[in-house]
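Reviewing the structure listed below.
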Amino acid sequence: MRILIVDDESLARDRLRRMLQHEQDHEVLGEATNGMEAVRLSAELQPDLVLLDIRMPGMDGLETARHFLTLDEPRGVIFCTAYEEHAIQAFDLQAVGYLLKPVRKKNLREALGKTGKLNRAQLAALNTVAEAGRSHISARTHKGIELIALEDVHYFQADQKYVTVRFGTGEVIIDDTLREPETEFGDLFVRVHRNALVAKHHIEGLDRMGGGQVRLHLRGLDQSIDVSRRHLPAVREIIRRL
Amino acid sequence: MLTQLTIAGILGGLVLRYFYVQQRLRIQEQAELQSRIQALQSRIRPHFLFNSMNIIASLIATDPETAETVVEDLSELFRASLNEAGNQVPIDDELDLCQRYIRIEALRLGDRLKLEWHIQKPTTPVKIPLLTLQPLLENAIYHGIQPLPEGGTIAVALTYVDDIVEITITNPLPAPGRRHESEGNRMALQNIRSRLSVLYGDRADLTTQVDEDSFVTCLKFPKMPAMLEM
(Lines give C-alpha, C1' and ligand atoms only; values in the text may rest on other atoms or scores of the structure.)
Protein backbone atom coordinates (compact mmCIF):
# COMPACT_ATOMS: atom_id res chain seq x y z
CA MET A 1 0.00 0.00 0.00
CA ARG A 2 1.15 3.56 -0.72
CA ILE A 3 0.99 5.57 2.46
CA LEU A 4 0.97 9.24 3.50
CA ILE A 5 2.02 10.02 7.07
CA VAL A 6 0.39 13.04 8.70
CA ASP A 7 1.48 14.31 12.11
CA ASP A 8 2.63 17.69 13.37
CA GLU A 9 5.36 16.11 15.49
CA SER A 10 8.46 15.11 13.59
CA LEU A 11 9.46 12.40 16.07
CA ALA A 12 6.05 10.79 15.69
CA ARG A 13 6.40 10.83 11.88
CA ASP A 14 9.93 9.41 12.11
CA ARG A 15 8.76 6.50 14.15
CA LEU A 16 5.90 5.54 11.83
CA ARG A 17 8.20 5.83 8.84
CA ARG A 18 10.76 3.58 10.51
CA MET A 19 8.14 1.03 11.42
CA LEU A 20 6.97 0.90 7.81
CA GLN A 21 10.47 0.70 6.38
CA HIS A 22 10.71 -3.03 6.81
CA GLU A 23 7.21 -3.78 5.62
CA GLN A 24 7.55 -5.19 2.14
CA ASP A 25 4.09 -4.42 0.82
CA HIS A 26 4.05 -0.83 1.94
CA GLU A 27 5.70 2.31 0.76
CA VAL A 28 5.72 5.75 2.41
CA LEU A 29 5.06 8.37 -0.27
CA GLY A 30 5.45 11.42 1.88
CA GLU A 31 4.79 13.24 5.11
CA ALA A 32 2.56 16.18 5.97
CA THR A 33 2.69 18.27 9.14
CA ASN A 34 -0.91 19.46 9.24
CA GLY A 35 -4.31 18.88 7.75
CA MET A 36 -4.08 21.42 4.95
CA GLU A 37 -0.78 20.02 3.75
CA ALA A 38 -2.31 16.55 4.00
CA VAL A 39 -5.26 17.43 1.75
CA ARG A 40 -2.95 18.96 -0.87
CA LEU A 41 -0.35 16.19 -0.75
CA SER A 42 -2.99 13.54 -0.86
CA ALA A 43 -4.42 14.99 -4.07
CA GLU A 44 -0.93 15.18 -5.53
CA LEU A 45 0.49 11.82 -4.45
CA GLN A 46 -2.71 9.77 -4.54
CA PRO A 47 -1.87 7.49 -1.61
CA ASP A 48 -4.02 4.46 -0.83
CA LEU A 49 -3.89 5.14 2.84
CA VAL A 50 -3.34 8.06 5.19
CA LEU A 51 -2.00 7.64 8.72
CA LEU A 52 -3.67 10.63 10.30
CA ASP A 53 -2.89 12.21 13.65
CA ILE A 54 -6.03 13.65 15.26
CA ARG A 55 -4.64 16.59 17.19
CA MET A 56 -2.92 18.97 14.83
CA PRO A 57 -2.78 22.77 14.66
CA GLY A 58 -4.68 24.60 11.93
CA MET A 59 -6.75 21.74 10.63
CA ASP A 60 -7.10 18.62 12.76
CA GLY A 61 -7.30 15.00 11.66
CA LEU A 62 -11.07 14.72 11.88
CA GLU A 63 -11.58 17.70 9.60
CA THR A 64 -8.92 16.41 7.21
CA ALA A 65 -10.79 13.13 6.86
CA ARG A 66 -13.99 15.03 6.13
CA HIS A 67 -12.27 16.86 3.29
CA PHE A 68 -11.07 13.58 1.78
CA LEU A 69 -14.69 12.54 1.64
CA THR A 70 -16.27 15.75 0.42
CA LEU A 71 -13.61 15.94 -2.28
CA ASP A 72 -14.26 12.36 -3.27
CA GLU A 73 -10.68 11.46 -2.58
CA PRO A 74 -11.18 7.84 -1.70
CA ARG A 75 -8.47 7.39 0.88
CA GLY A 76 -8.21 4.77 3.52
CA VAL A 77 -7.68 6.49 6.84
CA ILE A 78 -6.14 5.24 10.05
CA PHE A 79 -6.41 7.71 12.89
CA CYS A 80 -3.49 7.92 15.31
CA THR A 81 -3.75 9.57 18.66
CA ALA A 82 -1.89 9.69 21.94
CA TYR A 83 -4.94 9.34 24.08
CA GLU A 84 -8.46 8.06 23.71
CA GLU A 85 -10.50 10.88 22.30
CA HIS A 86 -14.14 11.11 23.17
CA ALA A 87 -14.88 12.06 19.61
CA ILE A 88 -13.61 8.82 18.23
CA GLN A 89 -15.68 6.68 20.55
CA ALA A 90 -18.75 7.54 18.55
CA PHE A 91 -17.27 5.67 15.60
CA ASP A 92 -17.67 2.13 14.65
CA LEU A 93 -14.07 1.29 15.49
CA GLN A 94 -14.21 -1.86 13.41
CA ALA A 95 -14.66 0.16 10.29
CA VAL A 96 -12.27 3.03 10.93
CA GLY A 97 -8.66 2.26 11.74
CA TYR A 98 -7.63 3.70 15.03
CA LEU A 99 -4.21 3.42 16.65
CA LEU A 100 -2.98 4.62 20.01
CA LYS A 101 0.47 6.15 20.36
CA PRO A 102 3.05 4.85 20.92
CA VAL A 103 1.84 2.67 18.07
CA ARG A 104 2.65 -1.03 18.32
CA LYS A 105 3.98 -2.73 15.25
CA LYS A 106 1.51 -5.56 15.57
CA ASN A 107 -1.46 -3.19 15.75
CA LEU A 108 -0.17 -1.16 12.83
CA ARG A 109 0.21 -4.27 10.72
CA GLU A 110 -3.29 -5.43 11.61
CA ALA A 111 -4.81 -2.04 10.86
CA LEU A 112 -3.03 -1.88 7.50
CA GLY A 113 -4.45 -5.29 6.69
CA LYS A 114 -8.06 -4.46 7.18
CA THR A 115 -8.54 -0.76 6.66
CA GLY A 116 -10.87 0.08 3.88
CA LYS A 117 -12.05 3.39 2.60
CA LEU A 118 -14.23 5.70 4.61
CA ASN A 119 -17.81 5.50 3.45
CA ARG A 120 -20.70 7.94 3.49
CA ALA A 121 -22.06 6.59 6.74
CA GLN A 122 -18.74 7.32 8.36
CA LEU A 123 -18.74 10.81 6.92
CA ALA A 124 -22.05 11.37 8.66
CA ALA A 125 -20.47 10.05 11.87
CA LEU A 126 -17.47 12.34 11.40
CA ASN A 127 -19.76 15.29 10.92
CA THR A 128 -21.57 14.61 14.14
CA VAL A 129 -18.55 13.86 16.31
CA ALA A 130 -16.36 16.71 15.10
CA GLU A 131 -16.33 19.31 17.85
CA ALA A 132 -16.81 22.30 15.60
CA GLY A 133 -17.53 23.10 12.01
CA ARG A 134 -14.77 22.85 9.46
CA SER A 135 -12.14 25.59 9.49
CA HIS A 136 -11.84 25.41 5.70
CA ILE A 137 -13.91 24.86 2.60
CA SER A 138 -12.40 22.49 0.09
CA ALA A 139 -13.04 22.42 -3.61
CA ARG A 140 -11.58 20.80 -6.68
CA THR A 141 -10.70 23.36 -9.33
CA HIS A 142 -8.60 23.39 -12.49
CA LYS A 143 -5.70 24.40 -10.25
CA GLY A 144 -6.14 21.27 -8.19
CA ILE A 145 -7.47 21.16 -4.65
CA GLU A 146 -8.22 24.53 -3.13
CA LEU A 147 -8.66 25.10 0.58
CA ILE A 148 -10.34 28.33 1.59
CA ALA A 149 -10.14 29.51 5.18
CA LEU A 150 -13.67 30.01 6.48
CA GLU A 151 -12.90 33.53 7.72
CA ASP A 152 -12.05 34.57 4.13
CA VAL A 153 -15.43 33.49 2.75
CA HIS A 154 -17.73 36.41 1.90
CA TYR A 155 -20.76 34.46 0.90
CA PHE A 156 -22.23 31.24 -0.49
CA GLN A 157 -24.60 31.68 -3.39
CA ALA A 158 -26.82 28.98 -4.82
CA ASP A 159 -27.40 28.63 -8.53
CA GLN A 160 -29.75 26.10 -10.05
CA LYS A 161 -27.24 23.29 -9.91
CA TYR A 162 -24.44 24.24 -7.57
CA VAL A 163 -23.19 26.60 -4.89
CA THR A 164 -20.56 29.26 -5.50
CA VAL A 165 -18.26 30.22 -2.64
CA ARG A 166 -17.03 33.78 -2.96
CA PHE A 167 -13.89 34.66 -0.98
CA GLY A 168 -11.20 37.34 -0.86
CA THR A 169 -9.39 36.61 -4.08
CA GLY A 170 -11.76 34.49 -6.07
CA GLU A 171 -14.52 31.95 -6.15
CA VAL A 172 -14.96 28.21 -6.28
CA ILE A 173 -17.87 25.91 -6.88
CA ILE A 174 -18.82 23.28 -4.34
CA ASP A 175 -21.01 20.27 -4.53
CA ASP A 176 -23.48 21.23 -1.81
CA THR A 177 -26.77 22.93 -1.26
CA LEU A 178 -26.95 26.09 0.89
CA ARG A 179 -28.48 24.07 3.68
CA GLU A 180 -25.20 22.28 4.49
CA PRO A 181 -23.02 25.32 5.17
CA GLU A 182 -25.98 26.99 6.86
CA THR A 183 -26.30 24.15 9.35
CA GLU A 184 -22.58 23.72 9.84
CA PHE A 185 -21.57 27.38 10.18
CA GLY A 186 -24.88 28.81 11.36
CA ASP A 187 -23.37 31.16 13.93
CA LEU A 188 -21.01 32.83 11.51
CA PHE A 189 -23.28 33.21 8.49
CA VAL A 190 -26.75 34.57 7.88
CA ARG A 191 -29.28 33.82 5.18
CA VAL A 192 -30.09 37.08 3.38
CA HIS A 193 -31.96 35.63 0.45
CA ARG A 194 -33.33 32.29 -0.67
CA ASN A 195 -30.12 31.87 -2.67
CA ALA A 196 -27.49 33.57 -0.50
CA LEU A 197 -25.70 32.93 2.79
CA VAL A 198 -23.44 35.76 3.94
CA ALA A 199 -20.55 35.93 6.43
CA LYS A 200 -21.70 38.14 9.31
CA HIS A 201 -18.25 39.58 9.98
CA HIS A 202 -17.94 40.85 6.40
CA ILE A 203 -21.22 42.77 6.49
CA GLU A 204 -20.78 46.53 6.09
CA GLY A 205 -24.21 48.05 5.49
CA LEU A 206 -27.44 48.18 3.48
CA ASP A 207 -28.23 50.09 0.32
CA ARG A 208 -31.77 51.04 -0.61
CA MET A 209 -32.39 50.79 -4.35
CA GLY A 210 -35.50 51.78 -6.32
CA GLY A 211 -38.66 49.74 -6.05
CA GLY A 212 -38.12 48.66 -2.43
CA GLN A 213 -35.06 46.65 -3.40
CA VAL A 214 -32.43 46.38 -0.66
CA ARG A 215 -28.85 45.30 -1.26
CA LEU A 216 -26.09 44.37 1.14
CA HIS A 217 -22.54 45.71 1.07
CA LEU A 218 -19.72 43.44 2.12
CA ARG A 219 -16.31 44.58 3.28
CA GLY A 220 -13.67 44.21 0.59
CA LEU A 221 -16.15 43.40 -2.15
CA ASP A 222 -17.31 45.72 -4.95
CA GLN A 223 -20.41 43.86 -5.78
CA SER A 224 -23.45 43.92 -3.47
CA ILE A 225 -25.99 41.23 -2.71
CA ASP A 226 -29.79 41.16 -2.87
CA VAL A 227 -31.59 40.98 0.44
CA SER A 228 -35.08 39.57 0.28
CA ARG A 229 -37.98 41.13 2.12
CA ARG A 230 -38.37 38.01 4.22
CA HIS A 231 -34.79 38.08 5.52
CA LEU A 232 -34.46 41.86 5.92
CA PRO A 233 -35.41 42.06 9.63
CA ALA A 234 -32.75 39.50 10.59
CA VAL A 235 -30.10 41.34 8.56
CA ARG A 236 -31.09 44.69 10.12
CA GLU A 237 -30.75 43.15 13.56
CA ILE A 238 -27.21 42.01 12.79
CA ILE A 239 -26.21 45.42 11.44
CA ARG A 240 -27.65 47.08 14.53
CA ARG A 241 -25.33 44.97 16.65
CA LEU A 242 -22.18 45.65 14.62
CA MET B 1 -9.14 21.07 102.34
CA LEU B 2 -10.48 17.95 100.73
CA THR B 3 -13.13 19.95 98.93
CA GLN B 4 -10.49 22.33 97.62
CA LEU B 5 -8.37 19.42 96.39
CA THR B 6 -11.36 17.85 94.70
CA ILE B 7 -12.23 21.12 93.00
CA ALA B 8 -8.62 21.59 91.89
CA GLY B 9 -8.59 18.02 90.60
CA ILE B 10 -11.76 18.47 88.61
CA LEU B 11 -10.57 21.80 87.23
CA GLY B 12 -7.23 20.31 86.30
CA GLY B 13 -8.99 17.43 84.61
CA LEU B 14 -11.17 19.82 82.66
CA VAL B 15 -8.18 21.87 81.53
CA LEU B 16 -6.34 18.73 80.46
CA ARG B 17 -9.41 17.50 78.65
CA TYR B 18 -9.72 20.89 76.96
CA PHE B 19 -6.15 20.79 75.68
CA TYR B 20 -6.55 17.18 74.62
CA VAL B 21 -9.65 17.95 72.57
CA GLN B 22 -7.97 21.02 71.12
CA GLN B 23 -5.01 18.95 70.08
CA ARG B 24 -7.24 16.29 68.49
CA LEU B 25 -9.11 18.97 66.60
CA ARG B 26 -5.88 20.47 65.33
CA ILE B 27 -4.62 17.11 64.11
CA GLN B 28 -7.92 16.47 62.41
CA GLU B 29 -7.92 19.89 60.77
CA GLN B 30 -4.40 19.35 59.53
CA ALA B 31 -5.37 15.98 58.11
CA GLU B 32 -8.36 17.49 56.34
CA LEU B 33 -6.25 20.30 54.97
CA GLN B 34 -3.68 17.77 53.82
CA SER B 35 -6.26 15.70 52.00
CA ARG B 36 -7.80 18.81 50.46
CA ILE B 37 -4.45 19.84 49.06
CA GLN B 38 -3.75 16.27 48.00
CA ALA B 39 -6.97 16.26 46.02
CA LEU B 40 -6.01 19.55 44.42
CA GLN B 41 -2.44 18.52 43.66
CA SER B 42 -1.62 19.14 40.07
CA ARG B 43 -2.08 16.13 37.86
CA ILE B 44 0.01 15.49 34.80
CA ARG B 45 -2.21 15.37 31.73
CA PRO B 46 -2.56 11.92 30.19
CA HIS B 47 -1.84 13.41 26.77
CA PHE B 48 1.51 14.54 28.02
CA LEU B 49 2.37 11.11 29.35
CA PHE B 50 1.52 9.28 26.14
CA ASN B 51 3.13 11.86 23.89
CA SER B 52 6.30 11.60 25.96
CA MET B 53 6.23 7.83 25.69
CA ASN B 54 5.91 8.20 21.95
CA ILE B 55 8.91 10.53 21.89
CA ILE B 56 10.96 8.00 23.83
CA ALA B 57 9.86 5.18 21.54
CA SER B 58 10.96 7.22 18.56
CA LEU B 59 14.29 8.38 20.02
CA ILE B 60 15.46 5.02 21.35
CA ALA B 61 16.52 3.91 17.89
CA THR B 62 17.87 7.18 16.56
CA ASP B 63 19.14 9.14 19.54
CA PRO B 64 19.38 6.95 22.66
CA GLU B 65 21.14 9.64 24.69
CA THR B 66 18.28 12.09 24.30
CA ALA B 67 15.83 9.26 24.97
CA GLU B 68 17.65 8.69 28.25
CA THR B 69 17.33 12.37 29.19
CA VAL B 70 13.59 12.28 28.47
CA VAL B 71 13.19 9.27 30.77
CA GLU B 72 15.08 11.13 33.51
CA ASP B 73 13.09 14.33 33.09
CA LEU B 74 9.79 12.50 32.97
CA SER B 75 10.65 10.61 36.15
CA GLU B 76 11.47 13.84 37.98
CA LEU B 77 8.13 15.32 36.92
CA PHE B 78 6.22 12.28 38.08
CA ARG B 79 8.11 12.11 41.33
CA ALA B 80 7.13 15.72 41.95
CA SER B 81 3.49 15.09 41.14
CA LEU B 82 3.44 12.17 43.61
CA ASN B 83 5.20 14.22 46.24
CA GLU B 84 3.57 15.02 49.54
CA ALA B 85 0.91 17.55 48.78
CA GLY B 86 1.26 21.13 49.88
CA ASN B 87 5.02 20.93 49.84
CA GLN B 88 6.72 24.21 49.38
CA VAL B 89 10.03 24.01 47.62
CA PRO B 90 12.82 26.47 46.85
CA ILE B 91 11.81 28.43 43.80
CA ASP B 92 14.87 27.15 41.90
CA ASP B 93 13.59 23.58 42.30
CA GLU B 94 10.28 24.49 40.68
CA LEU B 95 12.10 26.35 37.90
CA ASP B 96 14.26 23.27 37.36
CA LEU B 97 11.14 21.10 37.03
CA CYS B 98 9.75 23.59 34.53
CA GLN B 99 12.94 23.41 32.47
CA ARG B 100 12.68 19.62 32.37
CA TYR B 101 9.05 19.85 31.34
CA ILE B 102 9.85 22.38 28.61
CA ARG B 103 12.72 20.21 27.36
CA ILE B 104 10.29 17.36 26.68
CA GLU B 105 7.69 19.59 25.02
CA ALA B 106 10.41 21.16 22.87
CA LEU B 107 11.27 17.73 21.48
CA ARG B 108 7.65 17.27 20.52
CA LEU B 109 6.97 20.74 19.13
CA GLY B 110 10.39 21.47 17.64
CA ASP B 111 11.07 25.10 16.78
CA ARG B 112 7.39 25.94 17.15
CA LEU B 113 8.06 26.36 20.87
CA LYS B 114 10.18 29.29 21.97
CA LEU B 115 10.68 30.52 25.50
CA GLU B 116 11.86 33.75 27.04
CA TRP B 117 12.84 33.63 30.69
CA HIS B 118 13.21 36.81 32.75
CA ILE B 119 14.01 35.48 36.20
CA GLN B 120 15.06 37.77 39.01
CA LYS B 121 17.35 36.16 41.58
CA PRO B 122 15.98 36.39 45.12
CA THR B 123 18.18 37.92 47.82
CA THR B 124 16.80 35.59 50.48
CA PRO B 125 15.60 32.02 49.93
CA VAL B 126 12.05 31.96 48.53
CA LYS B 127 9.67 29.04 48.44
CA ILE B 128 6.81 28.20 46.13
CA PRO B 129 4.15 25.49 46.39
CA LEU B 130 5.41 22.56 44.35
CA LEU B 131 4.00 22.32 40.79
CA THR B 132 2.42 25.76 40.69
CA LEU B 133 4.33 27.23 37.78
CA GLN B 134 4.58 24.03 35.72
CA PRO B 135 0.81 23.61 35.13
CA LEU B 136 0.63 27.25 34.04
CA LEU B 137 3.31 26.58 31.44
CA GLU B 138 1.42 23.47 30.39
CA ASN B 139 -1.69 25.59 29.83
CA ALA B 140 0.33 28.11 27.85
CA ILE B 141 1.60 25.34 25.57
CA TYR B 142 -1.69 23.48 25.15
CA HIS B 143 -3.80 26.54 24.43
CA GLY B 144 -1.22 28.96 23.05
CA ILE B 145 1.48 27.12 21.13
CA GLN B 146 0.00 23.80 20.11
CA PRO B 147 -3.01 25.16 18.15
CA LEU B 148 -0.76 27.49 16.12
CA PRO B 149 0.83 25.89 13.05
CA GLU B 150 3.73 28.33 13.27
CA GLY B 151 3.98 28.14 17.07
CA GLY B 152 5.11 31.12 19.12
CA THR B 153 6.91 32.42 22.18
CA ILE B 154 6.01 31.99 25.82
CA ALA B 155 7.45 34.67 28.08
CA VAL B 156 7.96 33.96 31.77
CA ALA B 157 8.82 36.86 34.08
CA LEU B 158 9.54 36.44 37.79
CA THR B 159 10.06 39.46 40.01
CA TYR B 160 9.91 40.37 43.68
CA VAL B 161 7.93 43.41 44.70
CA ASP B 162 8.34 44.03 48.44
CA ASP B 163 7.32 40.74 50.03
CA ILE B 164 5.33 39.52 47.08
CA VAL B 165 6.51 37.06 44.46
CA GLU B 166 5.10 37.98 41.07
CA ILE B 167 5.15 35.60 38.11
CA THR B 168 3.73 36.57 34.72
CA ILE B 169 3.31 34.15 31.84
CA THR B 170 2.40 35.46 28.41
CA ASN B 171 1.47 33.23 25.51
CA PRO B 172 0.06 33.84 22.03
CA LEU B 173 -3.53 32.86 21.21
CA PRO B 174 -5.10 31.54 18.01
CA ALA B 175 -7.51 33.82 16.14
CA PRO B 176 -10.75 34.41 18.09
CA GLY B 177 -12.83 31.98 16.02
CA ARG B 178 -10.31 29.19 16.53
CA ARG B 179 -10.03 29.35 20.30
CA HIS B 180 -11.26 26.41 22.23
CA GLU B 181 -12.75 27.33 25.54
CA SER B 182 -11.33 24.46 27.47
CA GLU B 183 -12.66 22.84 30.57
CA GLY B 184 -9.21 21.50 31.41
CA ASN B 185 -7.69 24.96 31.35
CA ARG B 186 -10.25 26.39 33.72
CA MET B 187 -9.89 23.44 36.03
CA ALA B 188 -6.12 23.76 36.22
CA LEU B 189 -6.44 27.43 37.13
CA GLN B 190 -9.18 26.80 39.67
CA ASN B 191 -7.06 24.06 41.14
CA ILE B 192 -4.04 26.31 41.65
CA ARG B 193 -6.27 29.04 43.08
CA SER B 194 -7.70 26.68 45.66
CA ARG B 195 -4.25 25.45 46.66
CA LEU B 196 -2.97 28.99 47.01
CA SER B 197 -5.91 30.02 49.11
CA VAL B 198 -5.39 27.09 51.48
CA LEU B 199 -1.76 28.07 51.89
CA TYR B 200 -1.91 31.86 51.83
CA GLY B 201 -5.53 32.86 52.38
CA ASP B 202 -6.35 36.00 50.43
CA ARG B 203 -2.73 37.07 50.24
CA ALA B 204 -2.26 35.09 47.02
CA ASP B 205 -3.82 35.85 43.67
CA LEU B 206 -4.02 34.22 40.26
CA THR B 207 -5.49 36.28 37.45
CA THR B 208 -5.78 35.86 33.71
CA GLN B 209 -6.34 38.37 30.99
CA VAL B 210 -7.01 38.06 27.29
CA ASP B 211 -5.34 40.74 25.20
CA GLU B 212 -5.88 41.03 21.49
CA ASP B 213 -3.77 38.05 20.51
CA SER B 214 -2.17 36.99 23.75
CA PHE B 215 -3.10 35.47 27.05
CA VAL B 216 -1.49 36.75 30.25
CA THR B 217 -1.50 34.76 33.47
CA CYS B 218 -0.36 36.57 36.60
CA LEU B 219 0.47 34.76 39.81
CA LYS B 220 1.16 36.60 43.08
CA PHE B 221 1.90 35.14 46.47
CA PRO B 222 3.75 36.25 49.59
CA LYS B 223 7.35 35.16 50.13
CA MET B 224 6.28 33.68 53.45
CA PRO B 225 3.30 31.38 53.90
CA ALA B 226 0.61 32.51 56.30
CA MET B 227 0.27 29.23 58.12
CA LEU B 228 0.86 25.55 57.81
CA GLU B 229 4.19 23.93 58.43
CA MET B 230 3.73 20.43 57.16
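The values are calculated or read from the model by the stated rules, or taken from the named source; none is laboratory data. This structure is a prediction, so every number in the text was calculated from the model and none was measured. Here Cβ is always computed from backbone atoms with ideal geometry, including for glycine, and neighbour counts include all displayed protein chains. Note: areas computed on protein heavy atoms with side chains; ligands, DNA, RNA excluded. Shrake-Rupley method; radii C 1.70, N 1.55, O 1.52, S 1.80 Å.
Specify which residue in the list B:192, B:165, B:104 is farthest towards the positive end of the charge dipole of chain B, using unit charges on the beta carbon of Lys, Arg (+1) and Asp, Glu (-1), about the Cα centre.
Of the options given, the answer is B:192.
Could you tell me which residue out of A:42, A:77, B:152 lies farthest along the dipole of the protein assembly as shown toward its positive end? Charges go on the beta carbon: Lys and Arg +1, Asp and Glu -1, centred on the Cα centre.
A:77
For chain B, with every protein chain kept in place, what is the accessible area per residue (1.4 Å probe, Å²)? Could you put the intermediate results ahead of the total?
Details: 12510 Å² over 230 residues.
It amounts to 54 Å² per residue over chain B.
Report the extension gain between residue B:1 and residue B:68 in nm, rounded to one decimal, defined as 0.36 nm multiplied by the number of residues separating them, less their alpha carbon distance. Please report the intermediate quantities before stating the final value.
Details: separation 67, 0.36 × 67 = 24.12 nm, distance 7.98 nm.
Between residue B:1 and residue B:68, full extension yields an extra 16.1 nm.
Taking springs between alpha-carbon atoms closer than 10 angstrom, which of A:226, A:53, A:187 fluctuates most in the Gaussian network model of chain A?
Between A:226, A:53, A:187, it is A:187 that shows the largest mean-square fluctuation.
Which FRET efficiency value, to the nearest 0.05, is calculated for residue B:25 and residue B:202 with the Förster distance at 22 angstrom and r the Cβ-Cβ distance?
Values: r = 24 Å, r/R0 = 1.07.
Step by step, r from the Cβ atoms, then E = 0.40.
What aspartates and glutamates does residue A:161 reach when the alpha-carbon gap must be under 13 Å and sequence neighbours fewer than 8 apart in one chain are set aside?
By straight Cα distance, residue A:161 reaches A:175, A:176.
Could you sort A:201, A:231, A:22 by accessible area so the largest value comes first, with the probe set to 1.4 Å?
Numbers: A:201 95, A:231 25, A:22 135 Å².
My answer, sorted largest first, is A:22, A:201, A:231.
Excluding same-chain residues fewer than 8 positions from residue A:105, which lysines have a Cα within less than 26 Å of its Cα?
Within the straight-line cut-off, residue A:105 pairs with A:114, A:117.
Calculate how many DSSP beta bridges within the protein assembly as shown are antiparallel, expressed in % of all such bridges and rounded to the nearest 5.
Values: 57 of 82 bridges.
If we restrict to bridges inside the protein assembly as shown, about 70 percent are antiparallel.
At 1.4 Å probe size, put A:235, B:216 in order of accessible surface, largest to smallest. Each step should come with its number before you reach the end.
Numbers: A:235 0, B:216 30 Å².
Ranking A:235, B:216 by accessible area, largest first, yields B:216, A:235.
Please give the total accessible area that chains A and B bury against each other, computed with a 1.4 Å probe and expressed in Å² to the nearest 100. Working shown, then result.
On the way: alone 13160 and 13450 Å², together 24730 Å².
Chains A and B together bury approximately 1900 Å².
I'd like the residues of the range A:2-48 whose 1.4 Å-probe accessible area shrinks by no less than 20 Å² going from the isolated chain to the full set of protein chains.
Residues of the range A:2-48 that lose at least 20 Å² of accessible area once the other chains are added: A:8, A:9, A:11, A:15, A:18.
Among B:4, B:49, B:95, whose Cα lies farthest out toward the positive end of the dipole of the range B:2-228, if unit charges sit on the beta carbon of Lys, Arg (+1) and Asp, Glu (-1)?
With unit charges placed on the Cβ atoms, the residue in question is B:4.
Within the protein assembly as shown, what whole-number % of the accessible surface is contributed by carbon and sulfur, with the 1.4 Å probe and all protein chains included in the calculation?
51 percent
If I model a spin label as a point 7 Å beyond the Cα along the Cα-Cβ vector, how far apart are those points for residue A:232 and residue A:183 in nm?
Result: 3.1 nm between the two label points.
How much net charge surrounds residue B:92 when only the other residues with a Cβ under 15 Å from the Cβ of residue B:92 are counted, with Lys and Arg +1 and Asp and Glu -1?
0
Calculate the dipole size of chain A relative to its Cα centre from +1 charges on Lys and Arg beta carbons and -1 charges on Asp and Glu beta carbons; express the result in debye to the nearest 20.
Once rounded to the nearest 20, the dipole reads 480 debye.
Could you name every residue in the range B:93-117 that has 10 Å² or more less accessible surface in the full protein assembly than in its own chain alone (probe 1.4 Å, ligands and nucleic acids excluded)?
B:107, B:108, B:112
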